Amino acid sequence: MGGLKRVARALGVAGSTLRQQGWATASPARVQAVMDDPPDWSIVARQNRSEKRARQHRRRGRESVARRLGVSVRVVKERHITPGDSAGLCAAAPDWLIVARERRRAQAERERADAQRRAARVAEERELAEAYLRAITDRGDTDAWAAGVLHGAGMHRIDLGDGNVVPIVSPPLRVVR
């Protein structure tokens, strides 16, 4: 019969399950024997696979309903809302749905603001790191201000891009020559 992937599909299990059971190849007789009298591992593997698929299907359904209603998946799960219920809820939104939508909107706004702050911080750190590297390459000395700011921002070393990593020493720790 050939490849384990095809055999696994025919048996209703994952290919990794067959490899775990010591299958390197699969003869038609061996596959037929497992189909006729399935061993315990095969039965358990099929049940686990079907349960996993059912969980994934439920999760995708909840995500779809949550997107339609404009709420979090948690709300859909807690209130046991089905895809059939979503049309009626969209038509006449109860108070709890309006509150949940507002919470979701506020959470999305907070996440958007956090992402903007993170992007601004990364840009600022990159700009400071470039200034620090310019100071090293241009004068062979570091700019104390840039080193202090970078060290204070939590950056303790910079990759020069050529495989060399330069430590950033905070100004009070720097040895004066």
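All of the numbers you see were taken from the coordinates with simple rules; none came from a lab. Just so you know, these numbers come straight off a predicted model, no measurement behind them.
Show the residues, 5+ positions off or on another chain, whose built amide H is closer than 5 Å to the amide H of ALA26.
GLY2
Using each residue's phi in segment 104-120, evaluate 6.51 cos²θ - 1.76 cosθ + 1.60 at θ = phi - 60° and report the 3J(HN,Hα) Karplus result to the nearest Hz, with x for Gly and Pro.
5, 4, 5, 5, 4, 5, 4, 5, 5, 5, 4, 5, 5, 5, 4, 5, 5
Determine ³J(HN,Hα), in whole Hz, for all residues of segment 82-89 in sequence, where each value follows from phi through the Karplus function 6.51 cos²θ - 1.76 cosθ + 1.60 and θ = phi - 60°; x replaces Gly and Pro.
Residue by residue, segment 82-89 yields 9, x, x, 6, 5, 5, x, 5 Hz.
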